[in-house]
Amino acid sequence: MTMRTVVTFVMIFVVWSCAEKVVEPPEDLISEEKMTDILHDLALLRAAKTSFSYHLEDSNVEIMDFLYQKYQIDSTQFVQSDKYYASVPLRYQMIYEKVEARLEKKRKELEESNQKRNDSTRAAQQKRADSLNKVKKEAKPSS
């Protein structure tokens with residue numbers, strides 16, 4: 001066999017192997033849109049648990065149980081759908097890129113909201129300080 005034949009054979013085998021489905025889609029596959037929503041909420045809730053775990057604990061909120069109820073799915077459906085999407089790397093990457101984009105958009109919105117609140121607080125404080133200075137100037141007796 002020539003080197004060219006071996007390389008051709010290996011290339012055909014690699015292409016055929018990559019095209020083969022590793023995991024069949026489950027019957028109750030969660031749609032990509034819904035999976036994106038679930039993973040987005042999961043990321044937010046995990047971040048909240050890190051920062052505000054006492055609120056979740058006081059409310060007896062279990063993150064996954066909450067998501068299963070919200071999206072009307074069960075743990076098996078979620079795990080099987082997640083396993084399927086993980087077996088199709090490009091689709092899985094697209095889902096996670098959508099989640100990341102949504103989280104980034106939310107982060108920017110929160111930063112803008114905080115900036116507006118800080119700006120209005122500063123403006124109110126400046127207005128109050130100006131008002132107090134005006135009252136002090138008016139209260140000073142003329143010499």
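The values are calculated or read from the model by the stated rules, or taken from the named source; none is laboratory data. This is a predicted model, so every value here is computed, not measured. Here Cβ is always computed from backbone atoms with ideal geometry, including for glycine, and neighbour counts include all displayed protein chains. These accessible areas exclude ligands, DNA and RNA; they are computed on the full protein's heavy atoms, side chains included. Shrake-Rupley method; radii C 1.70, N 1.55, O 1.52, S 1.80 Å.
Given a 1.4 Å probe and the protein chains as shown, Thr121 ends up with an accessible area of around 60 Å². Model label sites at Lys106 and Thr8, defined 7 Å from Cα along the beta-carbon direction, differ in position by 5.4 nm.
FRET efficiency for the pair Leu44 and Leu132, taken as 1/(1 + (r/R0)^6) with r the Cβ-Cβ distance and R0 = 35 Å, rounds to 0.25.
On full extension, the segment bounded by Phe66 and Asp28 gains 11.7 nm, given 0.36 nm per residue less the C-alpha separation. Positive-end ranking of Gln77, Thr121, Tyr54 along the dipole of region 30-143, with charges on Cβ about the Cα centre, is headed by Thr121.
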